[in-house]
Structure formats: structure tokens, C-alpha cells
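The values are calculated or read from the model by the stated rules, or taken from the named source; none is laboratory data. Every value quoted in this text rests on a predicted model; they were computed, and no experiment measured them. As a convention, Cβ positions derive from the backbone with ideal geometry for all residues, glycine included, and neighbour counts pool all protein chains shown.
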Amino acid sequence: MKTKKKNKFIKNNVGFFFVIPWLIGFCVFKAYPFLSSFFYSFTDYNLFKGITKFTLENYANVFMNAAERKSLIITFKYAFMTVPLKLVAALFIAYILNFKIKGVNFFRTAYYIPSILGGSVAIAVLWKALFQDDGLIRTAFAAIGIEMPHFMSNPSWALFMICLLRVWQFGSAMVIFLAALKGVSNDLYEAASIDGAGKWTQFFHITVPLITPVIFYNLVTQLVQAFQEFNGPYIITKGGPLGSTTLMSLLIYNNAFTSYNMGKACAQAWVLFAILMVFTAIAFWSQKHWVYYADEDGR
Amino acid sequence: MANTKTKTLSQAQARIERRRITSVIVRYVILIVVGLIMVYPLIWMVGATFKQNSEIFTTLNPIPKEPTTQGYIDAMKSYGGNINIWRAMLNTYSYVIPEVVLTIISSVLTAYGFARFRFKGHDIMFTAMMAMLFLPQVVLNVPQYLLYNKFGWVGSPFYLALIVPTAFATETYFIFMLIQFLRNIPKDLEEAAAIDGCNTLQTLVRIIVPMLMPAIVSCALFKFMWSSNDFLGPLLYVNTPAKYPATIFVKLSMDADTGFNWNRVLATSLISILPNICVFFAAQNQFVDGISAGGVKG
């Protein structure tokens with residue numbers, strides 16, 4: 001009798017057994033680190049000395065300490081330079097590719113390769129070879145009489161160079177846009193051109209409004225990634241010159257793994273996390289004002 | 001009168017035709033110019049690996065004047081210690097391949113469980129799973145390091161800190177992608193299999209997995225790319241030079257050689273991404289389909 005009941009319970013909840021690995025992973029590798037990080041962020045946890053006191057200093061310092069505040073501002077600059085440039089480039093090229101272009105697959109591949117390889121260390125090394133002060137771009141342009149800026153030693157150009165590395169990888173966003181553009185019905189364009197609308201009018205009044213869900217999706221994912229950029233500044237500039245490319249994730253790394261101030265690093269990570277959540281929330285909240293979903297009634 | 005009218009009409013037609021041709025030309029010019037900018041750095045890189053060090057930075061021309069394989073010969077040499085580029089690449093794939101396999105198995109199990117069954121706590125767990133899509137890795141790096149340090153996984157010769165978590169479906173993107181795919185597969189076949197006496201696990205292996213294959217291949221390809229490009233993971237969790245993967249090795253070779261031996265550094269870099277380039281060209285349609293269907297980050 002009892003075993004029968006037990007069997008029935010198992011039968012009704014058999015799906016649960018399939019998600020057990022996920023549940024363990026969620027608790028051990030996600031939830032616990034997440035919560036413990038919140039706890040550590042209020043302590044002076046040092047990897048070798050442990051916790052000696054509880055404090056709010058870590059959080060205050062993010063905004064009061066000059067170097068940390070600078071890093072926060074740079075991270076914003078980086079994200080707000082990179083994401084719009086990347087999305088505009090991606091949408092523009094996807095729009096052109098969506099006309100009946102011969103060799104569309106060839107072009108798509110050419111644009112997509114940087115995205116697939118761009119995250120690797122090899123490409124960061126290449127970027128350094130191109131942009132360092134005695135690298136290809138400066139030397140080759142000097143040879144034909146054009147003076148290029150010092151990308152590596154001039155603080156404002158250094159950040160721009162790091163941005164370029166990511167903008168160069170607009171291919172993945174472009175592929176997503178291209179798939180969305182294919183879904184826009186041709187009838188709409190035909191109707192518009194009969195009404196005398198030019199290509200640009202069509203683009204801004206038909207194409208853009210119809211693919212807002214995809215623009216929204218790309219915007220959120222790109223912002224979240226940009227705020228976490230690490231490889232570029234770590235490998236190419238080491239955060240320099242004068243801390244001008246020390247993005248938040250690099251600052252967190254330095255605090256945690258070169259000076260072992262785990263508490264401080266956790267607090268910085270939580271500030272970054274809070275910023276990301278605010279942007280994601282704003283994006284979700286604002287989408288009802290500008291995102292058009294075709295399958296909704298009355299909109 | 002009628003004559004002038006037809007004349008203006010044909011003029012107007014000619015003008016429209018001219019305009020159409022101009023816009024087609026403009027499109028191709030933009031595509032080609034931007035495309036060249038996109039691919040040029042990669043082409044230059046390939047050329048530079050065959051150049052003399054004195055030539056590398058002097059010209060934008062990617063074709064070497066006096067081709068040499070010295071860069072590649074040097075790239076094969078060790079920097080000292082028992083690590084070279086081949087050893088490093090072997091190290092890379094010794095954790096990338098287990099990561100890919102374990103990620104796929106655990107993600108398929110999880111997606112199947114969530115998409116095809118109802119059970120106690122299903123909805124709350126599903127919500128928690130979806131929330132993980134929005135949990136940025138940056139907030140987890142430090143506490144995960146502390147946890148793995150406690151487990152004794154940091155510096156493990158078997159890359160435990162990199163491999164073990166993948167056995168527990170920690171890549172939420174893939175679960176999400178697989179669930180989306182599963183939703184479009186009708187349940188008829190599974191019901192038929194159940195009537196034929198298949199249990200749920202047999203149904204998964206014999207019915208679901210074959211139908212999920214396109215999505216599984218996409219996930220495996222992306223996981224392969226991300227894992228072999230991963231830099232921060234090995235930077236934190238691998239600390240014996242003999243165990244360094246290619247990403248760390250390339251970074252160190254750049255630091256060691258900066259300033260004088262660029263053809264060696266670039267050759268090392270290029271060798272390290274060759275497998276990825278091959279995988280991409282062999283399977284580019286799967287990449288494009290995967291990214292357009294599931295909306296994968298990239």
C-alpha cells in the first residue's frame with residue numbers, strides 16, 4: 001500500500017528528477033555565491049586575513065573614492081559609446097543586406113566572423129598590434145604623411161580604441177536584425193512606395209517600428225555585455241593609461257585578485273549589478289511605449 | 001502634343017531606372033567598403049605572420065615582400081618551462097570538450113523536465129531558471145572563486161572549477177533555447193512511445209533527442225566557441241604553467257615578446273584560433289540559424 005502511494009508520487013513528479021541537476025547547480029553555483037557575495041560586500045573580507053568587521057565603507061567608496069568613481073564613469077562612457085554605435089552599424093548593414101543583394105551569404109559571413117572570433121585573446125593581441133603607438137595604424141599612416149593619435153598613451157583615445165574592438169563585432173546583432181527584417185512583409189513597402197514614400201521614409205516609418213522588439217532585445221543584451229567588458233582592457237591596455245580604461249569589471253578583478261580585498265570587490269560588483277538591473281528594468285518598463293508587438297490586440 | 005507626352009514619360013522612366021541603378025551601386029559600394037574594413041585586420045594578421053619583423057608595421061599591404069616562416073618556426077619553440085603552443089592547445093581542448101558534452105547533457109535533461117512535465121514547484125523553479133538569464137556573471141566571479149577555493153578546485157590539474165559546474169546546467173541560455181525548440185515539437189510521438197511501453201528516459205533518448213538535434217548542434221557549437229575563447233575562467237582557476245590553455249599562453253607570449261618579435265606573437269595567436277575558424281566555416285549556417293532562432297548573445 002505504502003509503496004503504491006510512493007510510486008504514484010514518483011509518477012506524478014517524474015519531471016522533477018530531470019531538473020535535479022539544474023536545481024543543484026542553481027543552489028550551489030548561482031544562488032549561494034550570489035547571496036554570499038551580498039554578505040561579503042558589507043565586510044572587510046580579505047582572502048588571507050578573513051573578516052574583521054562589518055562596514056558600509058565599501059559602498060561609500062564606490063562613489064566617494066576618486067579612482068573608483070572614475071572607473072564607474074568610464075564604464076558608463078564605454079557602454080554608451082559602444083552600444084549605440086554597434087546597434088546603428090548592425091541595423092544599417094542588415095537593412096542594406098535585406099535588399100536583393102547578390103552574394104548575401106558571402107557578405108553575411110564576412111560581417112559575422114569578427115563576432116565569432118572577437119572575444120578571443122588572439123584578436124585582442126591583434127588589436128594591440130594595430131593600435132599600439134608604434135603599431136600598424138600609426139606607422140603606416142605616418143608613412144603617407146597622416147599623423148594618427150596615440151591610441152595607447154592618450155587616455156581618451158585609449159578608451160575609444162577599446163570601444164572599437166567591440167563595435168567591430170556588430171555581426172551577431174546584425175544577423176538577428178537580418179532575421180527580423182526578413183519577417184517584414186513586402187506588401188507594406190509596396191503600399192508605401194505607391195503612396196510616394198522614399199526609401200528613408202520607409203525605413204523610419206515601416207521597418208524600424210515593426211522590428212522594435214528585436215531592437216529592444218539587442219539593446220538589453222548589448223548593454224548587459226558592455227557593462228561587463230573585461231578582456232579588452234585587461235589584455236590590450238592593462239587598464240591604462242592613467243586608469244583611463246579601467247572598466248568596473250577590471251577594477252573588481254584587480255581588487256579581488258591582486259590585492260585580495262574580496263569585500264570591496266563584492267561591493268563594486270553589486271553596484272554594477274544594481275546598475276544593470278536598473279537599465280534592464282527601464283528597458284522593460286519603457287518598452288510598452290515604443291515596442292510594437294504584432295500579435296497583441298488593439299495596438 | 002502626344003509626342004512630347006510620351007517623351008516626358010520615357011524620360012521619367014529613364015530617370016527612375018537611373019536612380020535605381022545608382023542606389024544599387026551605392027549599396028554594393030557600402031557593403032564592400034565596410035566589409036573590407038571588417039575583414040582587413042584578419043587578412044593583415046595572416047599576412048603579418050609571414051613577414052619579417054622589420055616589415056610588419058611599415059605598410060598596410062597585407063602581402064609580405066620577403067615571405068618567411070620564421071614566425072611559425074619561433075611559435076613552435078617553448079618560452080621555457082614545459083609549455084608550448086601545442087601543449088597549451090591540448091590543455092584547452094582537454095576541458096572544452098568535457099564542458100561541451102556535460103553542458104549539452106545537463107541542459108537537455110533540464111529543458112525536457114521543464115517543458116514536458118508538471119510537478120510540485122514547477123512554476124517557481126521555472127521562474128528562478130528564467131531569472132538566471134538576467135544574472136550577470138560579473139557579480140558571481142568573486143564569490144564563485146571563494147567557493148571553488150574552499151572546494152580545493154582552484155589550480156586543480158583536472159580543471160575541476162571549469163568543468164564541474166557545466167554538469168549542473170549552469171548555461172541558462174541553452175536551456176532557454178532548447179525549451180523554445182521543444183515547444184514547437186508536437187507531443188504525438190512521445191505519447192505513441194509511451195503506449196509502446198517506453199519509459200520517460202527512453203522517450204527522451206529515442207524520440208526527443210533526435211528531434212532536438214538541430215538545436216543541440218547549435219548549442220554545442222556556441223559552447224565550444226565560448227569555452228575555447230574563455231580567458232577569465234582559466235586566468236582565475238589555472239595556476240600551473242604546464243596546465244595553461246591557449247588563451248593564457250597567447251597572452252603571456254605577447255607580454256614576453258612585445259616590441260621585437262611580433263611575427264612570432266601573431267603566428268602563435270593565429271594558430272590558437274585556427275580550430276575555431278575551421279569550426280566556424282564548417283558550420284556557419286548552424287551558427288546563423290542558432291543566433292537568429294534563439295537569440296543567443298555573441
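For region A:103-139, a residue qualifies if it is under 20 Å from A:ALA89 (Cβ atoms), within 7 Å of chain B (Cβ to nearest Cβ) and not in a helix (DSSP H, G or I), and exactly one does: A:GLY119. Out of the residues in region A:136-158 meeting the condition of being farther than 24 Å from B:LYS51 by Cβ and in contact (Cβ under 8 Å) with a residue 60 or more places away in the chain, tell me which one is surrounded by the fewest Cβ atoms within 10 Å (Cβ to Cβ). For region A:136-158, the residue satisfying everything is A:SER156.
Looking across region A:167-181, the residues that are over 16 Å from B:GLY290 (Cβ atoms) and surrounded by fewer than 23 Cβ atoms within 10 Å (Cβ to Cβ) come down to A:VAL167, A:TRP168, A:LEU181. Of all the numbered requirements in (1) crowded, with 20+ Cβ neighbours inside 10 Å; (2) more than 10 Å from chain A (Cβ to nearest Cβ); (3) touching a Pro at 6+ places or on another chain (Cβ under 6 Å), B:SER106 misses one, and that requirement is (2). Restricted to helices (runs of 4 or more DSSP H) entirely inside region A:194-299, those with at least 2 residues that are more than 10 Å from every other protein chain (Cβ to nearest Cβ) and polar (S, T, N, Q) are A:199-202, A:262-290. Whether any residue in region A:83-94 is touching a residue at least 24 places away in the same chain (Cβ under 8 Å) and charged (D, E, K, R) is what I want to check. Yes, some residue in region A:83-94 is touching a residue at least 24 places away in the same chain (Cβ under 8 Å) and charged (D, E, K, R). In region A:265-275, the count of residues that are touching a Phe, Trp or Tyr at 6+ places or on another chain (Cβ under 8 Å) and not hydrophobic (A, V, I, L, M, F, W, C) is zero.
Scanning for something away from chain A (no Cβ under 14 Å), touching a residue at least 60 places away in the same chain (Cβ under 8 Å), surrounded by 15 or more Cβ atoms within 10 Å (Cβ to Cβ) and not in a loop (DSSP other than H, G, I, E, B), does region B:75-89 turn up at least one residue? Within region B:75-89, one or more residues are away from chain A (no Cβ under 14 Å), touching a residue at least 60 places away in the same chain (Cβ under 8 Å), surrounded by 15 or more Cβ atoms within 10 Å (Cβ to Cβ) and not in a loop (DSSP other than H, G, I, E, B). If you go through region A:52-71 and keep only what is without any contact (Cβ under 8 Å) to a residue 60 or more places away in the chain, of a type outside the set (Ser, Thr, Tyr) and exposed (fewer than 13 other Cβ atoms within 10 Å of the Cβ), you end up with A:LYS53, A:PHE54, A:LEU56, A:ALA60, A:PHE63, A:MET64, A:ALA66.
Listed here are the residues, each with its yes/no results for (1) on the phi > 0 side of the Ramachandran plot; (2) outside the structural domain of B:ALA220 (by TED's automatic domain parsing); (3) among the charged types (D, E, K, R); (4) part of a helix (DSSP H, G or I).
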position	(1), (2), (3), (4)
B:LEU60	no, yes, no, no
B:LYS65	no, yes, yes, no
B:THR68	no, yes, no, no
B:LEU102	no, no, no, yes
B:THR110	no, no, no, yes
B:PHE119	no, no, no, no
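Name, by its number, the condition in (1) within 13 Å of chain B (Cβ to nearest Cβ); (2) out of contact with any helix residue (DSSP H, G or I) (no Cβ under 6 Å at 6 or more places or on another chain); (3) farther than 28 Å from B:THR172 by Cβ that does not hold for A:THR43. In the conditions (1) within 13 Å of chain B (Cβ to nearest Cβ); (2) out of contact with any helix residue (DSSP H, G or I) (no Cβ under 6 Å at 6 or more places or on another chain); (3) farther than 28 Å from B:THR172 by Cβ, A:THR43 misses (2) alone.
Scanning region B:118-159 for residues that are touching a Phe, Trp or Tyr at 6+ places or on another chain (Cβ under 9 Å), of a type in the set (A, V, I, L, M, F, W, C) and free of Cβ contacts under 8 Å to residues at least 40 places away in the same chain turns up B:PHE119, B:MET125, B:PHE126, B:ALA128, B:LEU135, B:VAL138, B:VAL139, B:LEU140, B:VAL142, B:LEU146, B:LEU147, B:PHE158. Any residue at all in region B:42-57 that is surrounded by 12 or more Cβ atoms within 10 Å (Cβ to Cβ), basic (Lys, Arg) and in contact with a Ser or Thr (Cβ under 8 Å, 6 or more places away or on another chain)? Checking region B:42-57: at least one residue is surrounded by 12 or more Cβ atoms within 10 Å (Cβ to Cβ), basic (Lys, Arg) and in contact with a Ser or Thr (Cβ under 8 Å, 6 or more places away or on another chain).
For (1) more than 30 Å from A:GLN132 (Cβ to Cβ); (2) hydroxyl-bearing (Ser, Thr, Tyr), each residue gets a yes or a no:
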residue	(1), (2)
B:THR49	no, yes
B:ILE56	no, no
B:MET76	no, no
B:ILE97	yes, no
B:TYR112	yes, yes
